[in-house]
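Below is one structure, written out as structure tokens, with a few remarks after it.
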Amino acid sequence: MIDLETTNDISVLPREFYARDTIEVARALLGKRLVYRSENGRIAGTIVETEAYLCDDPACHASRGMTPRNAPMFGEAGHAYVYFTYGMYHCLNTVTATEGIGEGVLIRAVEPTDGIDVMIQNRGTDKLTNLTSGPGKLCVAFGLDKRHNRLDLTSSELTIEDGNAPAEIVTTTRIGIRLAADLPLRFYIKGNPHVSRK
């Protein structure tokens with residue numbers, strides 16, 4: 001059992017939660033709450049979909065060694081790794097495993113719970129199931145970008161709080177990648193309408 005650090009009576013996941021097997025973390029993040037204390041107020045959502053990226057995984061940014069871009073992945077677990085992709089989207093990852101290994105979990109989708117009006121304004125749509133149903137959509141809705149790269153998820157304005165474990169988790173292959181596309185490293189809450197793709 002992992003002890004939770006409490007800040008203002010809110011349970012924030014401690015570093016020990018992230019500093020372990022990456023696949024375990026990817027599954028355990030489902031049902032937890034992603035929280036951003038923005039200048040526009042609290043923005044939050046329940047994590048409903050994740051993908052694990054491992055050090056020996058060709059689709060992982062860290063698989064070919066450390067670069068200026070992927071350096072956060074080799075750092076201390078429990079930090080954010082935010083990168084820009086396809087010239088359009090930012091994606092949020094949690095750094096996992098042991099420092100120096102280079103692994104992480106992509107937060108693919110959340111179910112909006114707090115600050116929905118801000119998310120609607122940021123995304124330009126009021127369809128709830130489309131607000132944060134994908135890593136790029138999620139970052140736009142929350143207002144996350146490279147400024148949030150390397151933030152400490154245990155003590156900064158961007159945290160992940162404890163939540164309810166889902167009744168059933170679906171394990172399947174990852175989306176939108178070419179290399180190692182057959183690996184069963186994507187996880188989502190069965191039946192949740194905010195998942196990016198069933």
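The values are calculated or read from the model by the stated rules, or taken from the named source; none is laboratory data. The model shown is predicted, which means the values in this text are computed figures rather than measured ones. All Cβ positions, even for glycine, are placed from backbone atoms using ideal geometry, and neighbour counts span all protein chains on display. Side chains are part of the model used for accessible areas, which takes the heavy atoms of the whole protein and leaves out ligands, DNA and RNA. Shrake-Rupley method; radii C 1.70, N 1.55, O 1.52, S 1.80 Å.
The table for this structure:
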{"quantity": "Accessible area per residue in Å² at 1.4 Å probe, computed on segment 1-129", "calculated": "46"}
{"quantity": "Candidates per chymotrypsin sites (Phe, Trp or Tyr not before Pro) in segment 52-144, loop by DSSP, up to 12 other Cβ within 10 Å", "calculated": "86"}
{"quantity": "Segment 1-108: relative contact order in percent, alpha carbon pairs under 8 Å with at least 6 residues between", "calculated": "26"}
{"quantity": "Cα-centred dipole magnitude for the chain, charges only on beta-carbon of K, R (+1) and D, E (-1), debye, nearest 20", "calculated": "820"}
{"quantity": "Debye log10 I(q)/I(0) for segment 1-107, one point scatterer per Cα, at q = 0.16 Å⁻¹", "calculated": "-0.73"}
{"quantity": "Contact order normalised by residue count of segment 75-151, Cα under 8 Å, 6+ apart, percent", "calculated": "34"}
{"quantity": "Normalised per residue, the volume of the convex hull around the Cα set of the chain (Å³)", "calculated": "112"}
{"quantity": "Gap separating the Cα centres of segment 6-61 and segment 81-144, nearest whole Å", "calculated": "11"}
{"quantity": "Protein accessible area in the chain, 1.4 Å probe - carbon and sulfur %", "calculated": "48"}
{"quantity": "Exposure of residue 66 as accessible area (Å², to 10), given a probe of 1.4 Å and all protein chains", "calculated": "120"}
{"quantity": "Amide H partners (placed H, <5 Å) of residue 108, local residues excluded", "calculated": "49, 50, 51"}
{"quantity": "Solvent-accessible ranking of 37, 64, largest area first, probe 1.4 Å", "calculated": "64, 37"}
